[in-house]
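Novice: This is the structure I want to talk about, given as structure tokens.
Coordinate-derived values only; no laboratory data. Small disclaimer: the values here were computed from a predicted structure and weren't measured. Neighbour counts run over all protein chains shown; Cβ positions are idealised from the backbone, glycine included.
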Amino acid sequence: MGRSDESEYRRRVGEALRPYATAENRKIIAAALGVDIGAVSQWASGQIALRPSRIFAIEDALELRGNEISARLGFMRTGTALSVEAAINVDDALSERDRETLRRLYRDMRDAARQ
């Protein structure tokens, strides 16, 4: 990976992590991965590139279903699928309003199908 590729990947990692990098989540991630909160902040700001295994560990620490962070970066664990809600969440072509509308519609349809 060249310097510009690595820089772009770091930027994308930061963008993918940022929505999940609340103060509380940073503590959870740091504790689960055995790092300090400063390291998590560096990851979320795109200063450090992370291997897929670290991304998966972050998803596990936050109990995220459906590869929500890794899918934004273009990879997923083998043998897994992206949930409908996770697919909605990672679609950058949708506005936040559109995402919420689609999530609500999906949940309503799912709940109706269960009855």
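Novice: Extending each Cα 7 Å along its Cβ direction at ASP91 and SER53, get the distance between those two points in nm, one decimal.
Specialist: A separation of 3.5 nm, rounded to one decimal place.
Novice: Computed from the coordinates I sent, Cα Rg over 2.2 N^0.38 Å equals one of (1) 1.16; (2) 1.01; (3) 1.58. Tell me the label.
Specialist: So the calculated entry is the one marked (1).
Novice: Here is a follow-up. 222 nm [θ] for the chain, helices only, -39500 (n - 2.57) per DSSP H run of 4+, per residue, to 500?
Specialist: Theoretical 222 nm ellipticity from helices: -19500 deg cm²/dmol.
Novice: Below 8 Å, C-alpha to C-alpha, sequence gap of six or more: please give me the relative contact order for the range 3-65 in percent. Mind dumping the intermediate values first?
Specialist: Numbers: 56 pairs, mean separation 26.3, N = 63.
Rounded, it is 42 percent for the range 3-65.
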